[in-house]
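Contents: one structure, followed by commentary.
Derivation of every value follows stated rules applied to the coordinates shown; laboratory data play no part. What you see is a predicted model, and the numbers here were worked out from it, not measured in a lab. A quick note on method: Cβ atoms are made from the backbone with ideal geometry, for glycine too, and the neighbour counts reach across all protein chains shown.
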Amino acid sequence: MVVCQARDSDEKVLTFAPTLQSTNLAFRFRRYLERHVKVIRDALRLPRLRSQTAPLPHDDSLQPSAYELFWGGRCCGTDELIRFLPDADIVNLHWVSQFLDLPKFFYTIGGKLPIVWTLHDMNAFTGGCHYDIGCRKYLDGCGKCPQLGSNLRDDPSRVAWLLKQKIYSSVPSHALHIVTPSTWLGRLAAQSPLLSRFAVSVIHNGVDTEAFAPRDKAFSRSILGIPAEDPVILFLADTLRNKRKGYTLLSQAIRDLKEERPLLWILNVGKASERIQFTRRFISLGEVFNERLLSLAYSASDVFVIPSLQDNLPNVMLESLACGTPVVGFKVGGIPDAIKPGRTGLLVPVGDTGALKEAVASLLDDASPRRKMADTCRQVAIQEFNLTVQGAKYAKLYETLCEAFRCTR
C-alpha cells in the first residue's frame with residue numbers, strides 16, 4: 001500500500017512525498033490553484049455569486065462556503081511516485097485527489113497493468129467536484145460550474161472534464177475496472193460519458209466486526225455518565241459548513257425532538273463537536289480514533305442519525321450496524337444499501353426535516369421493534385459489511401482481471 005499520509009507504522013504501508021526536485025514550478029502553481037478555487041475564479045474574473053455558493057478552499061477551517069474540495073486531476077511528483085511503486089501484478093487506486101497526476105499515471109501505466117479504481121465519490125467522472133449536489137453537468141461535459149461560481153462554458157471544470165476524456169480514451173477497456181462501494185455510485189459511473197466504456201463492480205466497504213460489536217448498553221452509558229433509561233441519539237459532525245452533510249437539517253430535527261422529550265440525550269463524535277451548541281444533556285466526544293471507544297458510543301445510543309443529502313456508503317453507518325444500533329437517514333446515495341427499512345433502520349425523503357424527526361421519534365418511543373432491529377443490524381453487518389467478505393470479493397476480482405489481462409497480451 002502506498003499512501004500520502006500514514007496513520008500507523010505498518011511496514012507494508014509506504015508513505016510517499018514528492019521531493020522538491022520532482023516538482024516543477026508549473027505543477028506547484030497548478031496545485032495551488034486547485035487547492036484554492038477562489039484564486040481560479042478571481043484569475044478568470046468569473047462573476048461572484050451569493051456567499052452560500054462561493055468557491056471553497058480545501059481546508060475546512062478556511063472554508064466560507066457550502067461546498068468542498070474541487071480537484072481537476074493534476075498533481076506534481078507523479079513521475080517520482082511511479083518510480084516509487086513496488087512491482088505489482090495489478091494496481092488498485094482509491095482516493096487519489098491531490099496525490100496522483102491522472103494524465104501522467106494513465107499515460108505511463110495504462111494498458112501495461114490491469115488497474116482497479118475504487119471510487120469513493122464522483123470526482124473520477126466530473127470536472128472537479130467530488131459530489132455534484134444534483135447539478136448533473138458531468139453528463140454534458142461540465143462547464144458553468146456552480147461550485148466555482150462560474151457562468152462560463154469553458155471554465156476549469158470543462159477543461160478538466162475534457163482532459164479526463166482524453167486520458168480515459170487512451171486506456172484499453174479491459175485494462176481499467178471500476179469498483180464502487182455503493183449501488184448508487186456504480187450506477188452513476190456506468191452512466192457517465194467518461195467511464196461508461198469500462199466494467200463496473202459494486203463491492204461494499206467492510207468494517208472490523210470484532211472491534212465494532214455491541215457492548216453492554218448499561219455499562220456503556222455508565223462510562224459516559226448517561227442514565228440507563230433515558231433516550232439517546234448519536235450523530236457525527238466533522239464539519240458544520242458542508243451543505244451536503246445536512247447538519248442544519250439535523251440540528252432542527254434534534255431541537256424539535258428535545259422540545260417534546262426533555263430527557264433526550266444527544267451524543268456526538270467528530271472534529272466539529274466543540275462548535276456545536278445544544279443545551280443540557282449533550283455530550284461531545286470530539287474526534288475519536290479508538291475503535292473500542294467508538295463502539296462504546298454506538299452501543300450507548302438508541303439511534304444513529306445520518307443526515308447526508310448526498311453520500312456514497314458512509315463507514316460510520318456500517319459501524320453503527322455492527323454495534324447493533326439502528327440508523328435513520330435520508331433515502332439518498334448509497335445509504336439505502338445498508339438501511340433496510342424496518343429491519344436495520346428507517347429511510348425518509350431527502351431534506352424532509354419533519355420526517356427525519358418522526359422517524360427518530362418512532363424508534364425512541366417503541367423499544368420492542370428497536371431491540372429486534374438491533375439484532376438484525378448485527379446480522380446484516382456480519383453477512384454483508386465485514387472485512388472478510390470485502391477482501392474475498394476483491395481477491396476474486398484481482399484474480400479474474402489478471403487472468404483476463406494475460407489472455408489479451
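Numerical summary
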item	result
0 to 90° range, to nearest 10: angle between helix 25-35 axis and the chain longest Cα axis	30 degrees
In degrees, nearest ten, helix 367-384 long axis to first principal axis of the chain (Cα)	30 degrees
Gain in span if fully extended, L163 to S362, counting 0.36 nm per residue against the direct Cα distance	66.7 nm
Relative exposure of V96, V288, V328, judged by other C-beta atoms within 10 Å (fewest first)	V288, V96, V328
Cα coordinate range in the range 217-384, projected on the principal axes (Å, largest first)	35, 35, 32
Partner aspartates and glutamates for K104 [C-alpha distance under 16 Å; skip if fewer than 8 residues away on the same chain]	D79, E80
Cross-link partners of K245 among lysines (Cα-Cα below 20 Å; sequence separation of 8 or more within a chain)	K271, K331, K357
Folded to 0 to 90 degrees: helix 353-365 orientation relative to the chain principal axis, Cα	50 degrees
log₁₀ of I(q)/I(0) at q = 0.07, 0.11, 0.12 Å⁻¹ - the chain, Debye sum with one point per alpha carbon	-0.36, -0.89, -1.05
Sequence of M317, M373 once ranked by neighbouring C-beta atoms within 10 Å, starting from the fewest	M373, M317
Length-normalised contact order of the chain in % [C-alpha pairs under 8 Å, at least 6 apart]	13 percent
Ranked list, fewest to most other Cβ atoms within 10 Å of each Cβ, for H94, H130	H94, H130
Distance cut-off 17 Å, percentage of C-alpha pairs in the range 138-178 lying past it	39 percent
Those GluC sites (Glu not before Pro) in the range 243-352 that DSSP places in a loop and that have at most 11 other beta carbons within 10 Å	E287
Rounded to 5, the percent of DSSP beta bridges in the chain classed as antiparallel	5 percent
